[in-house]
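As structure tokens, the structure follows; a few thoughts come after it.
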Amino acid sequence: MKKYDVVALGELLIDFTENGKSEQGNSLFEANPGGAPCNVLAMLSKLGSKSAFIGKVGKDNFGKQLKNALEEVGIDTTYLYMDDEVHTTLALVHTYADGDRDFSFYRNPGADMMLTEEEIPEDFIRNTKIFHFGTLSMTHEGVRLATKKALDVAKKSGCLISFDPNLRPPLWDSLENAKEQVLYGLQYCDILKISDNEIQWLTGEEDYTDGVNWILDRYEIQLILVSMGKEGSRAYYKGNMVEVSPFLQKNTIETTGAGDTFGGCILHYILEHGLENLTEDNMLEMLRFANAAAALITTKKGALRVMPSREEITRILEDK
């Protein structure tokens, strides 16, 4: 029996999210704990899965806040390193009227980039059922080598590999380099969660199914999930495609963490049902639950600390 359900590697940072105006008309920002891999783990922990994180923050006040936030939501921080010299990565999240966002990163360098190959805990990774990662830990050479080492250990240990490219163009020296690293990740993954704009960028195909087929012609990936924002989501599995509409909320504030919440629910479903014999009904149930959870997180500021409970998700499903 493996100790952990999901271990993730990647970025942990502070999302400064717009939260109103001061008396002088200046924008106010709320410091929310964030970072896509940890958002995924927070959703998993909320649903009762045992999760752990590998990454690095600064040995500063923000780093301490982030460590406390992970422990508060039940994520194991045994291998959350604290860098003595480089500060915790910061992101400013500017929100548009429709809830979409634009990111500005303060990461040149940021502590999450300083994770090294030598710091990868091999036995720790061997002790998980699913290993999850994205590409923010592949933007620079040192942390890229650490990520690739972790991936190699996970694959050889028989872990299921979950991958969310989570493309952030400002963090790459070129989009060609970004594409190269995404393609590297596709070689390893069993479960791919990719957004509508990412699959179009990666494959050059406007139609999502054409894009999925482009990927499947080149890589053996068991389950591909395409998140489509206000259009819902799709699952592609063993030649079948299932699409589920979104649960749009009138009180949506912003979409930060929606894709991560969705991804965490998908991984939890796979932990409960396995990846070998999913039926069409399974895929419909999985997507409906994940879409409902993603919709709920859009009604809150931030994500990591405010993931919806199973009861909240069930309630919105019953009301539909």
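The values are calculated or read from the model by the stated rules, or taken from the named source; none is laboratory data. In this text the structure is predicted, and so the values were computed from the model without any measurement. Cβ atoms come from the backbone with ideal geometry, glycine included; neighbour counts cover every protein chain shown.
Quick notes on this structure:
- Residues in the range 108-128 that are of a type outside the set (A, V, I, L, M), in a loop (DSSP other than H, G, I, E, B) and at pLDDT 95 or above were compared, and the one that is nearest to G142 (Cα to Cα) is T116.
- Checking M1, M43 one by one, the residue that is of a type outside the set (F, W, Y), out of contact with any Ser or Thr (no Cβ under 9 Å at 6 or more places or on another chain) and not in a strand (DSSP E or B) is M1 and no other.
- Within the range 4-26, tally of residues that are assigned to a loop (DSSP other than H, G, I, E, B), touching a strand residue (DSSP E or B) at 6+ places or on another chain (Cβ under 7 Å) and of a type outside the set (G, A, S): 2
- Residue that is surrounded by the most Cβ atoms within 10 Å (Cβ to Cβ) [pool: residues in the range 119-148 that are under 15 Å from the mean Cα position of the chain (by Cα) and aliphatic (A, V, I, L, M)]: L136
- Applying the set (1) touching a Pro at 6+ places or on another chain (Cβ under 9 Å); (2) over 30 Å from K250 (Cα atoms); (3) of a type in the set (A, V, I, L, M); (4) part of a strand (DSSP E or B) to A178 leaves exactly one unmet item: (4).
- Across the range 71-90, the qualifying residues are those that are free of Cβ contacts under 8 Å to residues at least 60 places away in the same chain and not in a strand (DSSP E or B), and the one among them that is nearest to Y106 (Cα to Cα) is H87.
- Residue list for the range 198-213, restricted to those being touching a residue at least 24 places away in the same chain (Cβ under 8 Å) and over 15 Å from the mean Cα position of the chain (by Cα): I199, W201, L202, Y208, T209, V212
- Restricting the range 27-40 to residues that are in contact (Cβ under 8 Å) with a residue 24 or more places away in the chain and outside any helix (DSSP H, G or I), the residue that is surrounded by the most Cβ atoms within 10 Å (Cβ to Cβ) is G35.
- Residue match in the range 205-216 (condition: at pLDDT 95 or above, charged (D, E, K, R) and closer than 26 Å to D5 by Cβ): no
- Residues that are out of contact with any strand residue (DSSP E or B) (no Cβ under 9 Å at 6 or more places or on another chain), closer than 25 Å to K149 by Cα and among the polar types (S, T, N, Q), drawn from the range 172-228: S174, N177, Q181, Q187
- Qualifying residue in the range 229-252 (condition: under 26 Å from E141 (Cα atoms), among the basic types (K, R) and in contact (Cβ under 8 Å) with a residue 24 or more places away in the chain): no
- Residues in the range 217-245 that are modelled with pLDDT under 95 and either more than 21 Å from the chain's Cα centre (by Cα) or surrounded by 15 or more Cβ atoms within 10 Å (Cβ to Cβ) (or both): 1 in all.
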